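To start, the structure under review is shown below, and the notes come after it.
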Amino acid sequence: MSTADKVIVNLCPTGMVPRRAKVPAVPITPEEIAADVRRCRDAGAAMVHLHARDDNEEPTWHPERFAEICDAVASVAPDLVLVVTTSGRNWSELDKRSASVRIGGPAKPEMASLTLGSMNFASGPSVNSPETIAGLAAAMREHNVVPELEIFDVGMANYANFLIERGILTGPHYCNILLGSRGTADVSAANAAAILASLPTDTTWAFAGIGRSQLAANTLALSLGGHVRVGLEDNPYYDWADRSPATNPRLVERVVRIAAELGREPMTPEEARKTIGLPSVDRAIA
């Protein structure tokens, strides 16, 4: 089977919002995140998109905590593509938002999220000014980290082209198209077509779905030949009808099972790197 018939499964295990009181399986500590990631790697995940929390479940920007998480994940799944967040939902200062990309050593992140515009979540706004976007892109270039573009509507896809034309973004281009968040594009054929048609040339793309939209967005991406983002960061329930709690491994296993029904199998991390355009990585974690 060629890589054209395969799918990149990007795991987002924790995020900033889920709390154990409502999402019992969400991992918080570096050890918990690493254990969950290892199970998901075994199930077919090739990438992991990491957020950092302190032991009280509160989001943190501190690079030391990100380094602990990256080290823990790399020690149990050294081949995975490591991605860190630069989210501004809890802080806006550029030095804090870019702190995660400055991690060095064997578990240095290969990619970092870059949201290409401001929008409203159900719990409040996410502000990404043009100056902040350019500043984060510059920090990523400085530290040889590839942006993981986050696109919530067609305007953000258009803005990606604008940034490329001005040299603010350079390849390779990988994006998550996040559908179903209140205030941005819903899951629909029209929205999917409009965003995909507006993406930069040679973009590797994946669909993510917020909340109850996750399964629909993932299935749509698999049907269209794209890739998927899945995990408890975006979706707390395995079944929204009965509100049965999800776990990260179960969400990965389900999307891999659906992919198999469509004749697609999960890429290995090295296949994902080649597809995206990332260099190979040889991690040796002491």
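What residue among ALA35, ALA185, ASN158 has its Cα farthest toward the positive end of the dipole of the chain, where the charges are +1 on Lys, Arg and -1 on Asp, Glu, each on the Cβ? It is ALA185.
Taking each pair of distinct Cα atoms in the stretch 185-237 once, what is the resulting Kirkwood hydrodynamic radius in Å? Every distinct Cα pair counted, the radius reaches 11.4 Å. If you wrap the stretch 176-286 in the convex hull of its Cα atoms and look at it from every side, the mean projected area works out to 8.9 nm². Distance from the Cα centroid of the stretch 1-39 to that of the stretch 230-276 is 9 Å (rounded to whole angstrom).
Quick one: compute a quarter of the convex hull surface over the Cα atoms of the stretch 130-240 and quote it in nm². Walk me through the intermediate numbers first.
On the way: hull surface 29.0 nm².
That works out to 7.2 nm².
In the stretch 40-128, the convex hull through the Cα atoms has an average projected area of 6.5 nm², a quarter of its surface area. Shown in residue order for the stretch 99-115 are the 3J(HN,Hα) couplings computed by the Karplus curve 6.51 cos²θ - 1.76 cosθ + 1.60 at θ = phi - 60°: 4, 5, 7, 8, 5, x, x, x, 9, 4, x, 8, 9, 8, 5, 9, 7 Hz (x for Gly and Pro). Summarising the amide proton neighbourhood of VAL187: residues at separation of 5 or more, or on other chains, whose placed amide H is nearer than 5 Å comprise GLY180. Restricting attention to the chain, close to 15% of DSSP beta bridges with both partner residues there are antiparallel.
Within straight-line reach of LYS6, meaning a Cα separation under 25 Å, sit the following lysines at least 8 residues removed in sequence or on another chain: LYS274. Applying both filters, DSSP loop and at most 11 other Cβ atoms within 10 Å, to the chymotrypsin sites (Phe, Trp or Tyr not before Pro) of the stretch 147-227 eliminates every site.
The percentage of C-alpha pairs in the chain whose separation is greater than 24 Å is 45%. Applying the Karplus relation 6.51 cos²θ - 1.76 cosθ + 1.60 with θ = phi - 60° to the stretch 223-231 yields 3J(HN,Hα) values of 5, 8, x, x, 10, 9, 10, 8, x Hz, where x marks Gly and Pro.
Near the amide H of PHE121, within less than 5 Å, lie the amide hydrogens of SER126, all on another chain or at least 5 residues away, with H placed in the peptide plane. Residue-wise HN-Hα couplings along the stretch 153-160, as the Karplus relation 6.51 cos²θ - 1.76 cosθ + 1.60 with θ = phi - 60° gives them from phi, are 6, 5, x, 5, 5, 4, 5, 4 Hz; Gly and Pro carry x. A crude spin-label estimate for the pair ARG19 and ASN144, with each label 7 Å from Cα along the Cβ direction, gives 4.1 nm.
Taken together, the values in this text are just the output of simple stated rules run on the coordinates, not laboratory data. For clarity, every value in this text was computed on a predicted model and none was experimentally measured. When we count neighbours, we look across all protein chains shown, and the Cβ atoms used for this are built from the backbone with ideal geometry, even at glycine.
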